[in-house]
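The values are calculated or read from the model by the stated rules, or taken from the named source; none is laboratory data. If you're wondering where the values come from, they're calculated on a predicted model, not measured in any experiment. Reconstructed Cβ throughout: ideal geometry from the backbone, glycine too, with neighbour counts over all protein chains shown. To get the accessible areas, we keep the full protein, side chains included, count just its heavy atoms, and leave off ligands, DNA and RNA. Shrake-Rupley method; radii C 1.70, N 1.55, O 1.52, S 1.80 Å.
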Amino acid sequence: MKTYTRVTCLLLALAAVACSPQGDPTAAQAQASAIAPAAPDFAGEHAAWVKGRAADLGKADGWISLIGLHWIEAGTQSVGAGEGNTLQLAIAPDRLGQVEKRPDGVYFTPVEGARVTSDGTPVQGEVRLKPEGQGGGTRLAYDEGKGQITVIRRGQRVALRVRHADAPARLQFTGLDFFPPDERWRVQARFVPHPAGKTLPIVSVIGEVADTPNPGYVLFEQDGRPWRLEALGDPAKSLNLMFQDQTTGRQTYGVGRYLRTGPVAADGTVALDFNRAYNPPCAYTDFATCPLPPPENRLAAEDGRGQRVRLAVLAGEKKYALAQR
């Protein structure tokens, strides 16, 4: 795991440098962003959304319950909390079982006396672990369900992703910090489609690069300027926008934030509610494999004098206070 941590930290540092603004938001921007009292319906809907997001993060199997990401090599490896295990879990019995990576997948066998279930059924011998993805994948449970193990695939590599309800990060969760809701940051954008089949290379915090379908981009205006964000996802369902802005690394998480939309309307319009911009999972744990915002989405432009300007999105989720990530 030491190699993973070093790679993660390096990529986070590079992302923070790449998105570093020329300065903090100007006084004029701050004045322009003064928060007017939100309409009751808008404020109530936003508060309910924030409450739901915090509850989702804090679930017994939410992102802050992660306690490990263990890359699996070929062959058989022992699993448990004891020091003699090849894959040493942070919270688990000393000996839990063994995993074996074969050409056709990853298999788990519990040690004698270990109480492990697979998707709710007691494991009696060997079980093949289907990776996470569409359909959810196989979920092993131990410690009466408080501990959970799944397999993830990233490129040609596979790993055990381990959760536990007693994870320190979950027990110490302090809630979320958001900018005050501001209807000025709920903007109408125009979706511009790319030619069919276009992809965008997306880098993750572990260094994997995935050519990801890039159906188009969105155009919107804010602070008197036009801005553009490349979009992922399915326009008929939801767009996924990953971005950096002038607050990145200062008020907000140093890698950037995510924003999901509803479906694109028939006339090509789509609503962007930056009040619901949220942090990726890697803002809360070192055991996530988050994709990074592409360079195209740094919300930077040149003014008429050739000077670089940045948009400060003073809305949405701020840095997580406990970890100061």
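Within region 217-272, the set of residues being part of a loop (DSSP other than H, G, I, E, B), of a type in the set (S, T, N, Q) and open to solvent by less than 10 Å² (accessible area, probe 1.4 Å) comprises Gln244, Thr247. Does Phe179 fit the bill of being among the aromatic types (Phe, Trp, Tyr) and either open to solvent by 30 Å² or more (accessible area, probe 1.4 Å) or modelled with pLDDT under 95 (or both)? Against the criterion (among the aromatic types (Phe, Trp, Tyr) and either open to solvent by 30 Å² or more (accessible area, probe 1.4 Å) or modelled with pLDDT under 95 (or both)), Phe179 does not qualify.
The residues of region 200-216 that are open to solvent by less than 20 Å² (accessible area, probe 1.4 Å), farther than 17 Å from Tyr258 by Cβ and part of a strand (DSSP E or B) amount to a single one, Gly216.
For region 92-119, filtering for residues that are assigned to a loop (DSSP other than H, G, I, E, B), touching a residue at least 12 places away in the same chain (Cβ under 8 Å) and more than 20 Å from Val158 (Cα to Cα) leaves 8.
Can you confirm whether region 145-154 contains a residue that is in contact (Cβ under 8 Å) with a residue 24 or more places away in the chain, at positive phi and over 21 Å from the mean Cα position of the chain (by Cα)? Yes, that holds for at least one residue. Go through Arg250, Arg225, Arg298 for me and flag whichever is more than 21 Å from the chain's Cα centre (by Cα) and in contact (Cβ under 8 Å) with a residue 60 or more places away in the chain. Of the residues listed, the single one that is more than 21 Å from the chain's Cα centre (by Cα) and in contact (Cβ under 8 Å) with a residue 60 or more places away in the chain is Arg225.
Taken together, the residues in region 140-156 that are in a strand (DSSP E or B), of a type outside the set (Phe, Trp, Tyr) and out of contact with any strand residue (DSSP E or B) (no Cβ under 6 Å at 6 or more places or on another chain) amount to 2. When you look at Arg260, is it closer than 20 Å to Trp185 by Cβ, under 16 Å from the mean Cα position of the chain (by Cα) and of a type in the set (D, E, K, R), yes or no? The answer is yes for Arg260. Tell me whether region 83-91 contains one or more residues that are crowded, with 19+ Cβ neighbours inside 10 Å and either at pLDDT below 95 or not in a loop (DSSP other than H, G, I, E, B) (or both). Yes - at least one qualifying residue is present in region 83-91. The listed residues are Arg95, Arg153, and the only one of them that is of a type in the set (D, E, K, R) and crowded, with 17+ Cβ neighbours inside 10 Å turns out to be Arg95.
Scanning region 286-325 for residues that are of a type in the set (Val, Ile, Thr), farther than 15 Å from Gly254 by Cβ and touching a Ser or Thr at 6+ places or on another chain (Cβ under 9 Å) returns a single hit, Thr289.
This table checks each residue for (1) over 13 Å from Leu314 (Cα atoms); (2) not polar (S, T, N, Q).
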residue	(1), (2)
Arg228	yes, yes
Pro235	yes, yes
Asn240	yes, no
Arg250	no, yes
Gly254	yes, yes
Gly268	yes, yes
Asp273	no, yes
Thr285	yes, no
Pro291	yes, yes
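The set of residues from region 62-82 being over 19 Å from Ile152 (Cβ atoms) and open to solvent by less than 20 Å² (accessible area, probe 1.4 Å) comprises Gly80, Gly82. Applying the condition of being within 16 Å of Gln98 (Cβ to Cβ), open to solvent by 70 Å² or more (accessible area, probe 1.4 Å) and at pLDDT 95 or above to region 121-144 and asking which residue is farthest from the chain's Cα centre (by Cα) yields Glu126.
Quick test of your reading of the structure: Gly306 fulfils all but one of (1) without any contact (Cβ under 8 Å) to a residue 24 or more places away in the chain; (2) surrounded by 22 or more Cβ atoms within 10 Å (Cβ to Cβ). Name the failing condition by number. Unmet condition: (2). Does Thr117 satisfy being touching a Leu at 6+ places or on another chain (Cβ under 6 Å) and of a type outside the set (A, V, I, L, M, F, W, C)? Answer is no for this residue.
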